[in-house]
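Below is one structure; the comments refer to it alone.
The values are calculated or read from the model by the stated rules, or taken from the named source; none is laboratory data. Only a predicted model underlies this, so the values are computations on that prediction, with no experimental measurement involved. Here the Cβ is made from the backbone with ideal geometry for all residues, glycine too, and neighbour counts use every protein chain on show. Calculation scope for accessible area: heavy atoms of the full protein, side chains included, ligands and nucleic acids excluded. Shrake-Rupley method; radii C 1.70, N 1.55, O 1.52, S 1.80 Å.
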Amino acid sequence: MSGPQCERLAGPLVRQLLDSVDSLLFDCDGVIWRGDQAVPGAARVISLLKQRGKKVFFVTNNSTKTRDMYAAKLASLGFDAAPDEVFGTAFCCAAYLRSECGLRGKVYLVGSDAMRQELEAVGIRAEGVGPDPVCGKQLDWAGVPLDPEVQAVVVGFDEHFSYMKLNRAMQYLTQKDCLFVGTNRDTRLPLEGGKAVPGTGCLLQAVETAAQRQAQTVGKPSRFMFECVARRFGVRPERCLMVGDRLDTDILLGSACGLKTLLTLTGVNTVAEAAAHRDSGSAERRAMVPDYYVESIADLLPALQGEDEPSL
């Protein structure tokens with residue numbers, strides 16, 4: 001069966017792959033950093049790629065930071081990155097509502113202050129950020145006052161998610177003309193030491209269940225995240241490489257958009273998991289199989305430094 005084979009990327013094959021692309025999309029956590037520590041060699045890889053004239057972008061489903069915040073974190077870890085090279089779901093969500101939906105009104109936001117900032121940067125006002133404690137009785141909850149200017153419910157990561165926020169979102173979404181947008185469907189956020197906490201997908205599923213409606217998501221593996229980059233920078237899918245650590249978001253995005261794909265083993269998924277998808281006989285699962293894998297993106301350094309060239 002043809003298709004991606006999850007081949008180990010090493011030796012001359014590294015240079016061949018890099019020569020075949022003009023642009024690279026990097027996931028962040030688990031790929032170029034882990035927590036607050038850069039993956040060894042990652043900053044050097046990014047720097048050398050740019051020196052070779054490659055366009056480099058950072059794409060993340062994390063909605064808790066603005067582009068400027070991400071650029072500041074990248075700089076603090078030694079990466080050469082500008083805010084307009086960062087595409088997080090807070091920014092992409094604002095872009096989607098403005099450019100695709102033509103939204104000019106207000107949104108009820110289950111999300112972070114960073115999301116509020118990105119929405120307001122494109123002229124969309126947001127309410128709902130911060131705690132919303134329960135008060136009154138059930139009839140009061142069902143009749144909670146609704147802002148007539150709200151035209152959409154937006155769900156991202158919200159550390160203050162609560163019953164009352166769920167209720168307010170549901171009440172807005174009973175209005176058939178109210179838009180419903182989520183940042184991403186990641187259900188778990190992996191942490192250091194094999195630990196994890198619930199992700200945005202858990203909150204989004206709760207709102208979908210209560211509202212009996214399905215949200216449009218903008219984060220990986222939605223094609224919109226790639227289109228966000230491609231439209232602004234003229235990225236050609238056949239000349240682009242997606243580098244990520246998750247099969248169900250990063251690699252699936254690449255597959256859906258016709259990109260070359262590279263799995264790095266410094267994050268969530270393993271080669272064994274990719275191989276199981278490859279050998280499953282399921283077209284849906286094979287869409288999560290990367291073309292190549294590396295232990296770390298530092299494995300690209302020899303080719304970028306010219307060390308893989310044969311001596312004469």
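Tabulated data for the structure shown
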| item | result |
| --- | --- |
| In region 26-43, the residues that are within 21 Å of F87 (Cβ to Cβ) and part of a strand (DSSP E or B) | F26, D29, W33, R34, A38 |
| All positions within region 238-280 that are in contact with a strand residue (DSSP E or B) (Cβ under 9 Å, 6 or more places away or on another chain), more than 24 Å from P40 (Cα to Cα) and not hydrophobic (A, V, I, L, M, F, W, C) | E238, R239, G254, S255, G258 |
| Helices (runs of 4 or more DSSP H) within region 128-237 that include 2 or more residues among the hydroxyl-bearing types (S, T, Y) and at pLDDT 95 or above | 163-173, 200-211 |
| Matching option when the condition is on the phi > 0 side of the Ramachandran plot, in contact with a Phe, Trp or Tyr (Cβ under 8 Å, 6 or more places away or on another chain) and open to solvent by 10 Å² or more (accessible area, probe 1.4 Å), among G41, G128 | G128 |
| Residue selected from region 205-216 under the condition surrounded by 12 or more Cβ atoms within 10 Å (Cβ to Cβ) and either under 23 Å from N269 (Cα atoms) or polar (S, T, N, Q) (or both), by the criterion farthest from the chain's Cα centre (by Cα) | Q205 |
| One residue from L49, L17 being part of a helix (DSSP H, G or I) and surrounded by fewer than 19 Cβ atoms within 10 Å (Cβ to Cβ) | L17 |
| The listed residue being among the β-branched types (V, I, T) and more than 19 Å from Y108 (Cα to Cα), out of V229, V207 | V229 |
| Filtered residue count, region 191-204, keeping only those that are crowded, with 19+ Cβ neighbours inside 10 Å and either in contact (Cβ under 8 Å) with a residue 60 or more places away in the chain or over 17 Å from the mean Cα position of the chain (by Cα) (or both) | 2 |
| Candidate set from region 217-247 (those that are aromatic (F, W, Y) and in contact with a Phe, Trp or Tyr (Cβ under 8 Å, 6 or more places away or on another chain)); member that is nearest to N269 (Cα to Cα) | F224 |
| Residue satisfying all of: in region 298-312; assigned to a loop (DSSP other than H, G, I, E, B) and closer than 30 Å to G30 by Cβ; modelled with the lowest pLDDT among these | D308 |
| Test: residue in region 258-269 that is assigned to a helix (DSSP H, G or I), surrounded by fewer than 24 Cβ atoms within 10 Å (Cβ to Cβ) and modelled with pLDDT of 95 or more | no |
| Odd one out for G123, checked against (1) surrounded by 14 or more Cβ atoms within 10 Å (Cβ to Cβ); (2) assigned to a loop (DSSP other than H, G, I, E, B); (3) not basic (K, R) | (1) |
| Extreme residue, surrounded by the most Cβ atoms within 10 Å (Cβ to Cβ), among residues of region 217-250 that are hydrophobic (A, V, I, L, M, F, W, C) and under 20 Å from W33 (Cα atoms) | M242 |
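Here's the yes/no breakdown for (1) of a type in the set (V, I, T); (2) in contact (Cβ under 8 Å) with a residue 60 or more places away in the chain; (3) touching a Pro at 6+ places or on another chain (Cβ under 9 Å); (4) not in a helix (DSSP H, G or I):
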{"residue": "L24", "(1), (2), (3), (4)": "no, yes, no, yes"}
{"residue": "V59", "(1), (2), (3), (4)": "yes, yes, no, yes"}
{"residue": "N62", "(1), (2), (3), (4)": "no, yes, no, yes"}
{"residue": "K65", "(1), (2), (3), (4)": "no, no, no, yes"}
{"residue": "K73", "(1), (2), (3), (4)": "no, no, no, no"}
{"residue": "D80", "(1), (2), (3), (4)": "no, no, no, yes"}
